[in-house]
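Values quoted throughout were computed directly from the atomic coordinates according to the rules given, and no laboratory measurement underlies them. These figures come from a predicted structure and were not determined experimentally. As a convention, Cβ positions derive from the backbone with ideal geometry for all residues, glycine included, and neighbour counts pool all protein chains shown.
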Amino acid sequence: MAEENKSSLDALSALCKRRGFIYHSSEIYGGMPGFWDYGPLGCELKNNVKQAWWQFTVRGRQDVAGLDATIIMHPKIWKASGHLDTFADPMTMCKDCKKLMRADQINDIYAEQKKKPQPKAAGSDFFCPYCGGELTEPKPFNLMFKTVVGPIDDPANVAYMRPETAQAIFAQFQNVTATSRQSVPYGIAQMGKSFRNEVTPRNYTFRSREFEQMELEFFIRPDEAVELLHGKVATLADNPDLDGPVQDDWGWEVWHKYWVEQRKKFLNAVGLPTEHFVEYWQKPDELAHYARACVDIEYDFPFGRQELEGIAARGDFDLSQHQKWSGESQAVFDDPLKQACKKLSDEEKRAFVAKVQADWAKRGKDAAAAEKFCLDLFEGKYVPHVIEPSAGVDRLMLALLCEAYEEQKISDGKGGDDVRTVLHFSPKVAPIKVAIFPLVKKDEAQDRMAREIFEKLRKKVNCMWDVSGAIGRRYRRQDEAGTPWCITVDGQSVQDGTFTVRERDSMEQKRMTYHEFLAMMYGALEF
Ligand code: GAP
C-alpha cells in the first residue's frame, strides 16, 4: 500500500466489495459480525495463497506430510490441549449501552474512536469507550463454538468447532507416522477452517469468527536425544547455515530459527518484502508456560502493527497431554538413537542421567521423571518435541491486499491528472494471471486468434476474456483485479503470430510469441 493510502482501509474494502474480493456474510439479511465471504476474485486469491503454502511447506519438501482432518473432533481433545479450561478472553459489558467488548482491547477501542466519550462516573478510568458508561468486572469467556452431535440436545453430546487446526495433527500423529514412511525430524501440515467466537471481531477480516489456518507441526528429537546421537547439540551460537540442507545435530533452538527463516522466505515469495514486516520475539514472561520460544511475524496493517502469524517452540507439551488424556503412547521408536546408546558404557549412561537431572532441576522438573526419560532414550524411545509455524489464510490475504493496493497518480494523456488503482500482487497469488483481448472486437481474424490463445491458456492458468470498451479501460479493469499480464491481439498478430504483452506494474508492452510468453509466465509462477 503506498504511504498516502496506508490509513485507508475504507478504500481497500470498497475496492474488495466492488471487484468481488470480499463481501459481508449474509449481507442481504444485514450481515453477521466476524463472518466474511470471498467473491470470484477473492476465492481465486485464497486458493492461490493456500496452494502456495502447500507447495512451499509440503510438496516442495521431503520431510513434511499432509493431513485433512475433521472440524468437529472428540471433545476430550480440547480438554487435553487446554482449550476447554483456558482458551478464553476477558469480557466486559457496558452497564448502560450493553455493548460487549474484550477488556484487554479497551485501550485500542478508545484510540480508534474519533470522538472520545467522557466517563459518566467521575474519576473512573475503566469506562465504556462507546458511551462512557460503567463497565462490568471482566470475566473469562471461552472462545470455542459449541454444538451438539446427534439428535439429542444433551450436555453429554456437546462438541466444539475446532479453534485451531493444530490439535488434529497431534491427535493423528501416530497414524501419520505409521503410514507416511517419515521419521522424526519430520512435519505434518494441515490447512482448513477454524472457529473462534471472538468477543469483538474487528478490523475487517483481521479478527474473524470463522477463518482458515495453515499450520505445520514439525516434530524434532528432544535435545537430549540429539546429544546422545551426535555427542553435541548445535545451537544458534554455532552459527548454523539455515539456508543449506537441514542437519541432524540441530537442537530445538536452531530448528525454531530455521522455521522463522522459512516463513520469511515464503512471505517474500508471495509478495511481502522482508522490510515490510518485523519479527517480534516474545519475552520470557509473555510465553505460554510450556513454550520455549515464540516469534510473531508482525505486519503494518492500516490499523497498526499486528500479528500476521507465529512460530512457536512448544516442547513436548501437546503430544504429552494427548498421551496423558487418551492413555495412548505418543512416543516414537528411533533406531539410530538406540544403536548409538548401545555403544555407551553403564558409567557413561549414569553420567548422562545425572547431567539431565541437573538440567531439568533448573526448569523445576523432578529427578525421577528425568531418569525415566533417559532410560527411555537409551531404548530409542521419546515423545517428540515440536516447532509450530502457524499462519492465518485470511490474515495473510488481508496483508497481501494492503501491500498490493496503490492509487497511482498518472497523466490522463490530455495534459491532466488521472488515478490508476492497481493491486500489485505477485503473479504467484494473483487471482487472474492473464487477460486476453482482441484489439478490435469486430475484426474477425483478431477475435479468432485471441480466442484460440484464451482457450489454450485457460487450460493452464486462470484467464479473463474481455472485449468491452477501449483497450485502456480494459487494462484498468485488470489493474484493479491485480492481473499481472494483458495480451492484446492486433493487426500485426494475425500477420506474424506475435501479440503484445502489457505488464501491470511498469505498464510496458512487449511483443512476444506464445511460447516466449509461456516461458516468461511459468518462470514468474514457479516457487
Ligand atoms: N495453533 C496455534 C494457533 O492457533 P494463534 O496465534 O492463536 O496460534 C495462529 O493463531 C494464526 O491464526 C494467527 O497468527 C492468525 O494469522 C490466525 N488467526 C488466529 N485467530 C484469528 C482470527 N480470529 N481471525 C483471523 N485469523 C486468525
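Annotation note: trypsin sites (Lys or Arg not before Pro) in segment 381-478 located in DSSP loop regions with a Cβ neighbour count of at most 15 within 10 Å are K414, K441, K442, R458, K459, K460. Extents of segment 301-389, taken as max minus min of Cα coordinates on every principal axis and listed largest first, are 62, 29, 26 Å.
For V461, the shell of other residues with beta-carbons less than 14 Å away shows a net charge of +3, using +1 for Lys and Arg and -1 for Asp and Glu. In a DSSP loop and with at most 12 other Cβ atoms within 10 Å, there are no chymotrypsin sites (Phe, Trp or Tyr not before Pro) in segment 34-106.
Using a cut-off of 11 Å between beta-carbons, work out the net charge of the residues near L67 (Lys and Arg +1, Asp and Glu -1, L67 not included). So the environment of L67 carries a net charge of -3. Shape analysis of segment 338-379 places it in the prolate category; the axes a ≥ b ≥ c from the Cα gyration tensor give an a/c of at least 1.5, with a/b above b/c. Convex hull volume of the C-alpha atoms in the chain, normalised per residue: 212 Å³. Residues whose amide H comes within less than 5 Å of that of E212, counting only those at least five positions distant or on another chain, are S194, V393, D394 (H built at 1.01 Å from N in the peptide plane). Neighbour counting of Cβ atoms within 10 Å sorts the residues C374, C486, fewest neighbours leading, into C374, C486. Spatial offset of segment 425-440 relative to segment 142-204 amounts to 37 Å, using the alpha carbon center of each. Computed from the alpha carbon atoms alone, the convex hull of segment 1-148 holds 222 Å³ per residue. Could you check how many percent of all C-alpha pairs in segment 432-525 are farther apart than 17 Å? That fraction is 42 percent. Placing R0 at 56 angstrom, the Cβ-Cβ distance between A237 and E137 gives a FRET efficiency of 0.75 after rounding to 0.05.
Other residues lying with their Cβ under 14 Å from the Cβ of F170 contribute a combined charge of -2, Lys and Arg counting +1, Asp and Glu -1. For trypsin sites (Lys or Arg not before Pro), the sites in segment 173-210 that DSSP calls loop and that have at most 10 other Cβ atoms within 10 Å are R181. Counting every C-alpha pair in segment 192-285, the share spaced more than 21 angstrom apart comes to 54%.
Using the Cα gyration tensor of segment 306-454, with a ≥ b ≥ c the square roots of its eigenvalues, what is the shape: rounded (a/c below 1.5), prolate (a/b larger than b/c) or oblate (neither)? Verdict is prolate for segment 306-454. Taking θ as phi - 60° and the Karplus parameters 6.51, -1.76 and 1.60, the scalar couplings of segment 291-303 work out to 7, 9, 6, 8, 10, 9, 8, 10, 10, 7, 6, x, 9 Hz in sequence order, x denoting glycine and proline. With R₀ set to 25 Å, the beta-carbon distance separating A354 from H230 gives a calculated FRET efficiency near 0.80.
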